[in-house]
Each structure stands twice: as structure tokens, then as C-alpha cells.
Number of protein chains: 2
Amino acid sequence: MKHFSEMSESALRVVDAAEGLIQERGYNGFSYDDVAKLVGIKKPSIHHHFATKGDLATAVAQRYTHRFREQLLRIEVQHARAPDRLTAYATLFENTFAAEHRLCVCGMLGAEAKSLPDGVAHEVSRFFEANTDWLAMVITEGQRAQQLRAQPEARALADAFLATLEGAMIVARSVRGARGPAGVAQTYLSTLLA
Amino acid sequence: MKHFSEMSESALRVVDAAEGLIQERGYNGFSYDDVAKLVGIKKPSIHHHFATKGDLATAVAQRYTHRFREQLLRIEVQHARAPDRLTAYATLFENTFAAEHRLCVCGMLGAEAKSLPDGVAHEVSRFFEANTDWLAMVITEGQRAQQLRAQPEARALADAFLATLEGAMIVARSVRGARGPAGVAQTYLSTLLA
DNA sequence: GTCTATATACAGATAGAC
DNA sequence: GTCTATCTGTATATAGAC
């Protein structure tokens, strides 16, 4: 399948629409016709760009992960200290959620993992691994610089932090007034400061 | 709609099957025919017990929440100290997840909240509220007894703990070798001990 | 790249017999 | 409480013209 960096403008509009639908309703909750209506073309034109629904969702997840990694690099440039980097990281989730309670693409797809085509599920696991790897790196540095508590170990803290952010979006979607990702991240981080 | 405590044996078998399907694939990922095949009857017989799919999912969520609250009461009886209660609470999630990586019914439905019938979404929010209320109560007591750190406030810690458990199930579903709910809960709790 | 038309399967739901 | 038969809508996907 074509990489999103080589896609036509039309194909990218399809990916845009599918991304929003996945964030709102999940893989099993949207159809090619939903995408077609959003883009303003007919259903078979979607198949021209993405032969199967799995191909389309894979492209959405690939681009989402790619953009996320770009933002992680930006955080590294803009913030030097680990606590600031982790706060900025939480802001990525908060910004997604602030737009009509949209979920993380891969949080939603992760919940649906057992009913996803293999290619999509694989992209989702790549997203999570990229995130926990980056978080573990940032937390390890923070521990070395004595900005963060030395225990528990960085990888455990990274897994827990990602889980907290993904879970916060899901809970806050259902409970009015619940703390969103930025709120729970602040709580979590305050227990981590050295 | 009938309360699950007054349902026939056949209706409860339908609820059992639907519960497992929701945990595996979500509301938008199963059909009346899937339920019928699991129970060993035909599709219209499901409609005899639950007129609509929303009614069925509502019954599943109601019973799930009811059973969960029963288990919270049991934890209060079996464990006196807040840290032990919170560990036992995490074990509820771990036990669910240990069975074929099943998700929390309301974690899954919470992700799908925007494509659920109103009645189902309402039950999901009731589940989350019951959980954060109970957790806040337990954590408040633990803070008073100086078993848990006094800051951040109990409600914030409760929200973050629930989010962590729900998120851990979703992430661990996609990443082989990732820490499940018991693992991340242990990490989280170790940062909370006084 | 987009369209109309169509194939095929399955969805949720209902009617009415047993 | 369960069944067969059916309705109606929609799903993913394909064929082939423009």
C-alpha cells in the first residue's frame, strides 16, 4: 500500500475524514459511505484510493503515528527538563480531546484490537511502542537529573503514564465534569517529582 | 425494561453471551446473530428477550455495574487498609483481563460512547461514577490514616487510578509483553504510599 | 479520479405459526 | 420461548463507463 507521503490530495482528504470518524465512532462504527459524504464524493471513489477498509484504517494509523512522532521531536527541542516534557506530552492528548471529545486514534483502535484486520492492529502496537519508548527515555533522563523520583523504574512509569492518558480520555468521554487527560496527567506527575 | 434480577434463564444466557462479545469486539462489533449462535438459538429469539440492541447492551452494563459494586463491598469486608483495598480493586481488572485479554465492559463501551444509544451511555457513566466515588472514599480514608500520601486530593487520585486501569487494558491488548492492569496499578500505588 | 449500477452479504427488526 | 419467513436498510466491494 502507498505511503501517505506519496498520496494524492484526494486520498489525503479521505484519510482526514476517516481519522475523524475513527476518533469519534471507532473502526466498526463508520462506513465508506460516511467517509464519502464527508469528502463530498461517492462511495466507490473511496475504494479507488483504498481498496479495503483495512487499508484505509492502516493509512490513518500510520499517518497518526508519524505526526505524533514529529510532535515528540518538537517537545524535545522546546523543553529541556523531563517534567516539562511530560507535561507537554500530556498536552498532545488534551488538545486531541478538547476537539469534541475526540479519542486518540490508537486508543480507540486498541480497544477494538480483536476485531481489526492484522495490518491495522500492527500499526496500533507500533504507536504504543513508540510512545512508551519515548516516555521511558524522557523519564530515565529525568531520574538521572534527579528531577523525577528514582523509583519505580522508568519503563514501569512510562507504561503507567501512557495508560493513564489513554484511559482518561475514555472515562472523561462518558462522565460529565470528569478530569480529562491534562488533569489526570497533572495528578500523576505531581506524584513523580523528586 | 426488565431488571436483570427478574430475567428468565434464557434471557440471562443472552446477557452472558452479549457481555463476552462486548468485551471482545465492542457494541459496534457484534450482531444479534453472533449472540444467537453462542446461545444456540435463532436471531428472532433474541429479539423476544431484548427488543433492541440498545436494550440488550443496557442490560449487560447494568448487570456488570451491579456485580462490580458487589465486589467492591466484598473488598471492604476482606481488607481494612486502603493500600490493600486498592490492590484488591486492581485485581478485579486483572482477573477480567486475564481471561483472553477481555476488556472492562464499560471501558469498551466508554470508548464507543458517541455511537451508543442513550440508555447504554447512561449506564456507562453510572459505572464510572460508582467507581470513582468508591475509590475516592477509600483513598480519603487511607489519607486520614496516613497510609497514603496526603496530596494530591483523593478525588484527583481516584480519577487517575481508574483511568490508569482502563487504559492499561487497552494498551496491553495491543502490545505483547506490556504491563497489564495489575502491573501498572502496582506502579501507581507505589507512588502513593505514605 | 469520479461516476452509475450492481453484486453479495449481513444488519436490526417484525409477523405470525407452533 | 422458539421458530420460519420476511422486510428494509446498509455494509464492503466490484465492473465498467466517462
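The values are calculated or read from the model by the stated rules, or taken from the named source; none is laboratory data. Since the structure is predicted, the reported quantities are computational estimates derived from the model, not experimental observations. Neighbour counts are summed over all protein chains in view; Cβ atoms, including those assigned to glycine, are modelled from backbone coordinates with ideal geometry. Note: areas computed on protein heavy atoms with side chains; ligands, DNA, RNA excluded. Shrake-Rupley method; radii C 1.70, N 1.55, O 1.52, S 1.80 Å.
Matching residues to (1) touching a helix residue (DSSP H, G or I) at 6+ places or on another chain (Cβ under 9 Å); (2) modelled with pLDDT of 95 or more:
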residue	(1), (2)
A:Ser5	yes, no
A:Ile22	yes, yes
A:Arg25	yes, yes
A:Gly29	yes, yes
A:Leu73	no, yes
A:Val77	no, yes
A:Ala82	yes, yes
A:Leu86	yes, yes
A:Met108	yes, yes
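Determine which single condition A:Val120 fails, assuming it passes every other condition in (1) within 14 Å of another protein chain (Cβ to nearest Cβ); (2) out of contact with any Ser or Thr (no Cβ under 9 Å at 6 or more places or on another chain).
(2)
Tally up the residues in region A:183-194 that are in a helix (DSSP H, G or I), small (Gly, Ala, Ser) and either open to solvent by 10 Å² or more (accessible area, probe 1.4 Å) or at pLDDT below 95 (or both), please.
Looking only at that region, the number is 2.
Right, A:Lys53: within 16 Å of DNA strand C (Cβ to nearest atom) and surrounded by fewer than 19 Cβ atoms within 10 Å (Cβ to Cβ) or not?
Judged against the criteria, A:Lys53 is not a match.
Quickly run through region B:166-182 and pick out the residues that are more than 7 Å from every other protein chain (Cβ to nearest Cβ), at pLDDT 95 or above and out of contact with any Lys or Arg (no Cβ under 7 Å at 6 or more places or on another chain).
If the condition is that a residue be more than 7 Å from every other protein chain (Cβ to nearest Cβ), at pLDDT 95 or above and out of contact with any Lys or Arg (no Cβ under 7 Å at 6 or more places or on another chain), then B:Met169, B:Gly180, B:Pro181, B:Ala182 are the ones that fit.
Could you pull out the residue among B:Arg25, B:Arg102 that is in contact with a Ser or Thr (Cβ under 7 Å, 6 or more places away or on another chain) and either open to solvent by 70 Å² or more (accessible area, probe 1.4 Å) or of a type in the set (Asp, Glu) (or both)?
The unique qualifying residue is B:Arg102.
Considering only region A:68-76, I want to know if a residue exists there that is among the aromatic types (Phe, Trp, Tyr), within 16 Å of DNA strand C (Cβ to nearest atom), open to solvent by less than 50 Å² (accessible area, probe 1.4 Å) and in contact (Cβ under 8 Å) with a residue 12 or more places away in the chain.
no
Within the set of pairs 6 or more residues apart or between chains, which connect a residue that is within 10 Å of DNA strand C (Cβ to nearest atom) inside region A:28-45 to a residue that is of a type in the set (A, V, I, L, M, F, W, C) with Cβ atoms less than 7 Å apart?
Hits for this filter: A:Ala36/A:Ile46; A:Val39/A:Val14; A:Val39/A:Ala17; A:Lys42/A:Ala36; A:Lys43/A:Ala36; A:Ser45/A:Ala36.
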